[in-house]
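What follows is a short report on a single structure.
The values are calculated or read from the model by the stated rules, or taken from the named source; none is laboratory data. Everything quoted here is computed from the prediction, not taken from an experiment. Please note: Cβ atoms are built from the backbone with ideal geometry, for glycine as well, and neighbour counts cover all protein chains shown. We work out accessible area using only protein heavy atoms, side chains counted, and drop any ligands, DNA or RNA first. Shrake-Rupley method; radii C 1.70, N 1.55, O 1.52, S 1.80 Å.
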Protein chains: 2
Amino acid sequence: MRDVARRAGVSVKTVSNVVNDFPHVSTATKSRVLAAISELGYRMNFSARNLSLGRTGMITLAVPEMRLPYFAELSDEVIVAAAERGYTVLVERTGGLRERELEVLTSDRRRMTDGLIFSPLGLRPADAHRLEVDYPLVLLGERSLHGSVHHVAMGNVAGARAVTEHLLERGRRRVAVIGSYDARGAGAGSLRTQGFTEALAEAGIEHDPRRTGEAIEWTRATGAEAMRRVLDRGIGVDAVYGLNDVLALGAMRVLFERGLRVPEDVAVAGFDDIEEGRFSCPSLTTVQPGRTEIARTAVWLLVDRIARGEPAVAGGRELVVGPQIITRESTGGAVESA
Amino acid sequence: MRDVARRAGVSVKTVSNVVNDFPHVSTATKSRVLAAISELGYRMNFSARNLSLGRTGMITLAVPEMRLPYFAELSDEVIVAAAERGYTVLVERTGGLRERELEVLTSDRRRMTDGLIFSPLGLRPADAHRLEVDYPLVLLGERSLHGSVHHVAMGNVAGARAVTEHLLERGRRRVAVIGSYDARGAGAGSLRTQGFTEALAEAGIEHDPRRTGEAIEWTRATGAEAMRRVLDRGIGVDAVYGLNDVLALGAMRVLFERGLRVPEDVAVAGFDDIEEGRFSCPSLTTVQPGRTEIARTAVWLLVDRIARGEPAVAGGRELVVGPQIITRESTGGAVESA
DNA sequence: TTGTATGCGTTATCAG
DNA sequence: CTGATAACGCATACAA
């Protein structure tokens, strides 16, 4: 930049003004500077700018794994939303492990960016105080672990309720649930289980715990295993609710292997509305949690907080995005959209 | 850091030495400095370090879209491999658009990181010279667009050949191909088409172009559309080769809708070995391109080049990772592993 | 082994 | 509207 200044016969400050498109620059000097810039092939040094500005124009997105379709699709949305606001996204992979999640919150690497959008999975309620960080933070995806942190939640309970009710309306009474009870009590698992339980209770149905297939990780493989365990107990099942779509798809795979027809013998529903479920055979009834809105809202909240330089621990807002049930072939096709 | 130095009664330099774990520091002063650091809650400023060092410890990964399972799984692997080498990954989303891809190569944002791992999709051979950049660059996934750039390729032709031969060995003769011919000639599409064509030719079979379903984008939806077009031409089809797995799964969905059984009526195979194909109904025969090895190799090549500060345009190496065919239910189950 | 001085490339301040 | 100069926080000679 100094070279450019010399070549254009102006000061460094003026070059900076031109580069940053500041208002008070005469057209003449501006074009002279621009000429010098292109002649010298000058490119700005971001590290220097970051140091001077105290900001980096990057935000961190911390998710369990990219290979989980929900997080892949979410990341896409976050990256797009961030780009709209002029931010680039640094991805941290936690594997859903509590250790790694705590590490991300305090790591040095995190400090390279202006803020964090964090989708915790392994964190327990007892870890809530660890979320009182001194940088902009927005939590994603489940119930607030800590009231003072911005948080964009999905309607886990409502969605789970609605989809369970849908199964019951289809005349199913022996509904298996695939996933984890998540005894920690704050995660999506327990909330979705809660919605499921509530719907059953309301219909006067008692859930037989033998129809619960637990799964710590939420993958197709663990969903399949959980489904096998339930079926192997020899208890009748006429519907399966997967706590998310990949679990449901894993379960569906096992039903296929055992020669059970979906939805004739067993209806299947999931949660997340990943694209895969629109093309599975049969296509999967699910809950659309409002992923796009969640991502956009999270980015906006974070960028706002960054812009106004607020301390992160001040008045966190909890925004809940409404879920929408999408009925497809796996429960017998469209009936209603609640 | 100055505060820490003052508090510990040493110089800034000494603090820096401690933080960076330099050898020649006495244990006494070291512990005194560490104490001061924790008392003051000091954290290093990365922007400053980056400015001084001229490196950032970040690399950029440019992919079309995260929601495409292949790239989601690839990203996961790259992130893990980068972490092993102490690097963090910044994700750029190109959408597979040529414009965006060219932009990524020269953008200011790119300059925030030490190097680029780039999976081009829209770039044409004519754009090859645009790859002569002055920073460490590693290309991913297809044939070399430019000889002087490091490049990790998969065995597209060999894999496509093998999987087509597998279909032919199963007695199929009317094989449809779903995807794009990619007339630009350098992309995975044309290479995989080439392998397909070669295998047919070797078996003395002439490919009827009416059995080609083109698709610019490679998604489940475009795969389904392409399959529909082929079937609607009324020409017989006893096998389908999707140029990648999501295309094949989209095609399989259409076969399902039309009441065609897989593999009895129509055998189906894909390319990529995404996890989804292991759990689809039926499970999908495919080509495992060596994703993990590709990601690891790319990261190592890039980090090496960064470490030794070589100009990017010097002697690019092309490494080809061998593909492996994986036979599953969609072609009638395991027969051989080539 | 540790301190001092200087540079990294930008932005901000405050004159002019 | 523009220029000189001081931060920004750390690393790296080189000196002690």
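Only helices enter this figure: runs of n ≥ 4 DSSP H residues, each worth -39500 (n - 2.57), summed and divided by the residues of chain B, yield -12500 deg cm²/dmol at 222 nm to the nearest 500. In straight-distance terms, cross-link reach from B:K30 covers every one of the lysines whose alpha-carbon lies under 28 Å from its own, apart from those fewer than eight places away in the same chain; here that gives B:K13.
The modelled label-to-label distance for the pair B:D3/A:R317, using points 7 Å beyond Cα in the direction of Cβ, is 3.1 nm.
With a 10 Å cut-off around each Cβ of A:84-95, the average count of Cβ atoms from other chains is 4. In the complete set of protein chains, residue-level accessible area for A:K13 is approximately 120 Å², probe 1.4 angstrom.
Label separation (B:L40 vs A:E202): 5.8 nm, computed from points 7 Å beyond Cα along the C-beta direction. Surface analysis of the protein assembly as shown yields an accessible area of 40 Å² per residue, using protein heavy atoms and a 1.4 Å probe. Relative contact order for chain B: 17 percent, from Cα pairs under 8 Å spaced at least 6 residues apart, divided by residue count.
Working from the Cα coordinates of the stretch A:209-252, the gyration tensor eigenvalues give, after taking √(5λ), semi-axes of 16, 10, 8 Å in decreasing order. Once C-alpha pairs closer than 8 Å and six or more residues apart are averaged by separation and normalised to the residue number of the stretch A:1-66, the relative contact order reads 29 percent. What angle do you read, to the nearest 10 degrees and between 0 and 90, between the alpha-carbon axis of helix A:291-307 and the longest principal axis of chain A? Value to nearest ten degrees: 30. Within the accessible surface of the stretch B:174-254, defined with a 1.4 Å probe on protein heavy atoms only, the carbon and sulfur portion equals 49 percent. Ranked by solvent-accessible area (1.4 Å probe, protein heavy atoms only, all chains present), the residues B:R228, A:R174 order from largest to smallest as A:R174, B:R228. One Cα centroid belongs to the stretch B:78-105, the other to the stretch A:3-37; the line between them spans 32 Å.
Taking a sphere under 13 Å around the Cβ of B:N50 and counting the other residues whose Cβ falls inside, with K and R at +1 and D and E at -1, yields a net charge of +4.
Of the chymotrypsin sites (Phe, Trp or Tyr not before Pro) found in the stretch B:94-196, not one falls in a DSSP loop while having at most 12 other beta-carbon atoms within 10 Å. Taken residue by residue and averaged, Cβ atoms of other chains lying within 10 Å of the Cβ of B:275-286 number 5.
In the stretch A:249-267, burial by the other protein chains removes 40 Å² or more of accessible area from A:R253, A:F256, compared with the chain on its own (1.4 Å probe, ligands and nucleic acids ignored). Every Cα-Cα pair of the stretch A:210-331 was included, and the share exceeding 21 Å stands at 47 percent.
Note: the stretch A:127-236, Cα convex hull, 113 Å³ per residue. For the chain pair A and B, the interface hides roughly 4600 square angstrom of accessible area in total, found with a 1.4 Å probe. Beyond 27 Å, the tail of the calculated P(r) for the stretch A:1-139 holds 41 percent of the Cα pairs. Considering only B:V246, B:V12, B:V104, the mean-square fluctuation computed in a Gaussian network model of chain B, springs between alpha carbons under 10 angstrom, is largest for B:V12.
The alpha carbon convex hull volume per residue for the stretch A:188-271 rounds to 86 Å³. If we hang a label 7 Å off Cα along the beta carbon direction at B:G95, how far is it from the matching labels on the other copies, in nm, shortest first? Once sorted, the set of distances for B:G95 reads 3.6 nm. For the stretch B:152-240, relative contact order (Cα pairs under 8 Å, six or more residues apart, normalised by length) works out to 39 percent. Sequence-ordered 3J(HN,Hα) estimates for the stretch A:52-60 from the Karplus curve with 6.51, -1.76 and 1.60 and θ = phi - 60° stand at 5, 7, x, 10, 10, x, 10, 10, 9 Hz, glycine and proline given as x. Placing a label point 7 Å from Cα along the Cα-to-Cβ direction at A:D21 gives distances to the equivalent points in the other copies of 4.3 nm, listed shortest first. Residue by residue along B:45-58, Cβ atoms of other protein chains within 10 Å of the local Cβ number 5 on average. Quick check: from the Cα gyration tensor, does the stretch A:61-155 come out rounded (a/c under 1.5), prolate or oblate? Rounded, since a/c falls under 1.5. Within the assembled protein chains, the solvent-accessible surface assigned to B:M112 is about 10 Å², based on a 1.4 Å probe.
Once the Cβ-Cβ distance of B:D232 and A:R174 is raised to the sixth power relative to R0 = 45 Å, the FRET efficiency obtained is 0.60. Using all C-alpha to C-alpha distances in chain A, build P(r) with 10 Å bins and read off the rounded percent in each one. With 10 Å bins starting at 0, P(r) equals 6, 24, 26, 18, 12, 7, 5, 2, 0.
Which of the three applies to the protein assembly as shown, rounded, prolate or oblate, going by the alpha-carbon gyration tensor with a ≥ b ≥ c and a/c under 1.5 meaning rounded? Oblate, because a/c is 1.5 or more while a/b does not exceed b/c. Here the calculated FRET efficiency for A:D304 and A:L53, from their Cβ-Cβ distance with R0 = 22 Å, stands at 0.80, rounded to the nearest 0.05.
Computed from Cα atoms, the angle from the helix B:156-169 axis to the main principal axis of chain B rounds to 30 degrees.
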